[in-house]
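Colleague: The structure's right below; bear with me while I get my questions together.
The values are calculated or read from the model by the stated rules, or taken from the named source; none is laboratory data. The shown structure was predicted, so the numbers you read here are calculated from the model rather than taken from an experiment. Because the Cβ atoms are built from the backbone with ideal geometry, glycine has one as well, and the counts that use them run over all protein chains shown.
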Amino acid sequence: MKHVKVPQDRIGVLIGEGGETMREIEQQAEVRLNIDSETGSVAIDDVGDPVRGMLAPDIVRAIGRGFTPTAALSILDDEMRTFELIDLDAHTRNKNDLQRQKGRLIGENGRTRELMEELTGAEVVIRGTTLGVIGQPEEVEAVRRATGMLLDGAPHGTVYAFLERKHNELTRGFNVQQSG
């Protein structure tokens, strides 16, 4: 049995209307979820395929970090699809620095975060002290590198150019695979 802690304000999303999301996770990941809505503690018990069950904690964690249930469940769609959290707190000096860095990562009207998603194909959520990514390994790596560049103070234009190059590499690789 595995245990995951989910923020109080995300318990409702995890359970879903009438328990719908919880049942969907249980069915698709072949697990049983025991959610303590008082503490935010979620016990996960494998009841089927252990490989699918291994992904259940990431699905629950992703919903807890702000991803939609659909995005979180997409981890099950492809064995290469992964969920990763980047701890922004570890890269900042204090609360003010954290806020400033989150602002740089989100961008004006959310534009930087949107561009990360558009140009890599990954899903990106910034919440609290973390940046979460769901995608293929090369998509996640591109977001991780862009995030590192921004946290290190790189100008947005430089990061956008990097993301454009990565986008071209990823789509060229995809097109080669499609025609091969």
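Colleague: Just a yes or no: is a residue in the range 52-71 within 14 Å of residue 126 (Cα to Cα), acidic (Asp, Glu) and out of contact with any Asp or Glu (no Cβ under 6 Å at 6 or more places or on another chain)?
Modeller: So far as the range 52-71 goes, no, none of its residues is within 14 Å of residue 126 (Cα to Cα), acidic (Asp, Glu) and out of contact with any Asp or Glu (no Cβ under 6 Å at 6 or more places or on another chain).
Colleague: Residue 92: surrounded by fewer than 19 Cβ atoms within 10 Å (Cβ to Cβ), outside the structural domain of residue 37 (by TED's automatic domain parsing) and in contact with a strand residue (DSSP E or B) (Cβ under 7 Å, 6 or more places away or on another chain), yes or no?
Modeller: Answer is no for this residue.
Colleague: Here is a follow-up. What residue, of 151, 115, 170, is under 24 Å from residue 96 (Cα atoms), surrounded by fewer than 21 Cβ atoms within 10 Å (Cβ to Cβ) and not aromatic (Phe, Trp, Tyr)?
Modeller: Result of the check over 151, 115, 170: 151.
Colleague: Can you tell me which of 114, 164, 118 is closer than 27 Å to residue 7 by Cα and not assigned by TED's automatic domain parsing to the domain that holds residue 7?
Modeller: Only one candidate qualifies: 114.
Colleague: Anything in the range 141-164 that is touching a His at 6+ places or on another chain (Cβ under 9 Å) and outside any helix (DSSP H, G or I)? List them, or say none.
Modeller: Selection gives 152 alone.
Colleague: Mind listing just one residue for me: the one in the range 74-88 that is assigned to a loop (DSSP other than H, G, I, E, B) and over 12 Å from the mean Cα position of the chain (by Cα) and, of those, surrounded by the most Cβ atoms within 10 Å (Cβ to Cβ)?
Modeller: Our first condition is that a residue be assigned to a loop (DSSP other than H, G, I, E, B); within the range 74-88, this holds for 77-81, 88.
Pick out the ones that are also over 12 Å from the mean Cα position of the chain (by Cα) and you get 77-80, 88.
Details: 77: 9, 78: 10, 79: 9, 80: 11, 88: 20.
Looking at the filtered set, the residue picked out is 88.
Colleague: When you go through 38, 26 one by one, which is the residue that is free of Cβ contacts under 8 Å to residues at least 24 places away in the same chain, surrounded by 17 or more Cβ atoms within 10 Å (Cβ to Cβ), more than 21 Å from residue 129 (Cβ to Cβ) and not assigned by TED's automatic domain parsing to the domain that holds residue 125?
Modeller: 26
Colleague: Among the residues of the range 58-81, count how many are hydroxyl-bearing (Ser, Thr, Tyr) and in contact with a strand residue (DSSP E or B) (Cβ under 7 Å, 6 or more places away or on another chain). Quick ask: steps written out before the conclusion?
Modeller: Going through the range 58-81, the residues hydroxyl-bearing (Ser, Thr, Tyr) turn out to be 68, 70, 74.
Subsequent filtering for residues that are in contact with a strand residue (DSSP E or B) (Cβ under 7 Å, 6 or more places away or on another chain) retains 74.
Going through the range 58-81 one residue at a time, the tally reaches 1.
Colleague: Give the residues of the range 88-107 that are farther than 19 Å from residue 159 by Cβ and in contact with a helix residue (DSSP H, G or I) (Cβ under 7 Å, 6 or more places away or on another chain), sorted by residue number.
Modeller: Selection gives 89 alone.
Colleague: Between a residue in the range 87-110 that is at negative phi and any residue that is basic (Lys, Arg) and in a helix (DSSP H, G or I), which pairs come within a Cβ distance under 6 Å, given they are 6 or more apart or on different chains?
Modeller: Filtered contacts from the range 87-110: 106/113.
Colleague: Oh, and also: Looking at (1) assigned to a helix (DSSP H, G or I); (2) in contact with an Asp or Glu (Cβ under 8 Å, 6 or more places away or on another chain), which one does residue 103 not meet, given that it meets all the others?
Modeller: (2)
Colleague: Select from the range 115-129 the residues that are under 13 Å from residue 145 (Cβ atoms) and out of contact with any Gly (no Cβ under 8 Å at 6 or more places or on another chain) and list them in ascending order.
Modeller: Hits for the range 115-129 are 116, 119.
Colleague: Identify, from the list 10, 61, 65, the residue that is under 24 Å from residue 86 (Cβ atoms) and in contact with a Ser or Thr (Cβ under 8 Å, 6 or more places away or on another chain).
Modeller: 65
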